[in-house]
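Derivation of every value follows stated rules applied to the coordinates shown; laboratory data play no part. Keep in mind the model is a prediction, meaning the values are calculated, not measured. Because the Cβ atoms are built from the backbone with ideal geometry, glycine has one as well, and the counts that use them run over all protein chains shown.
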Ligand code: GDP
Ligand code: MG
């Protein structure tokens, strides 16, 4: 596979909701890998005539916070290896959490295009709150709502330019 977009971020930011929105039109989840690579979901999508695959990284691990963080680290590492571009999702409702900062620090070393995507910006009142995430200092900045779809077109325009 080529043209791979990996969606990474801590649990509950809306990665799977975004993934489902991106692959919906094709309704083609082509693979679900478990075991060593854990539960990454692969789907196909296209935008402006360009086809790409999307990886939804997990968040299925249960256990202590330590195990959880280790799991996220693994997921991010795997995604980084495979991806051509990385969509780093954060949550405007929660603001910046320590785990966001950890993921950001992992991504900082990566020499691939990164999109900093503030999710759950469901209305314009939340645009101001989203600005806080500029402090993570990472990637091209977008605000979206994975639930109502706002902002996702602009994001996709930019993502496929890098494919
Ligand atoms: P993941 O753990 O990162 O995959 O997050 P999920 O996609 O499972 O979403 C976590 C929760 O956030 C769910 O209750 C979603 O319905 C909610 N959610 C996801 N996207 C949005 C959004 O754009 N706006 C709002 N208000 N909630 C969202
Ligand atoms: Mg998920």
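Roughly what would the spin-label model give for residue 50 and residue 127, points 7 Å off Cα along C-beta, in nm?
In this crude spin-label approximation the distance works out to 2.5 nm.
What distance in nm lies between label points placed 7 Å from Cα along the C-beta direction at residue 163 and residue 74?
The modelled label-to-label distance comes out at 2.8 nm.
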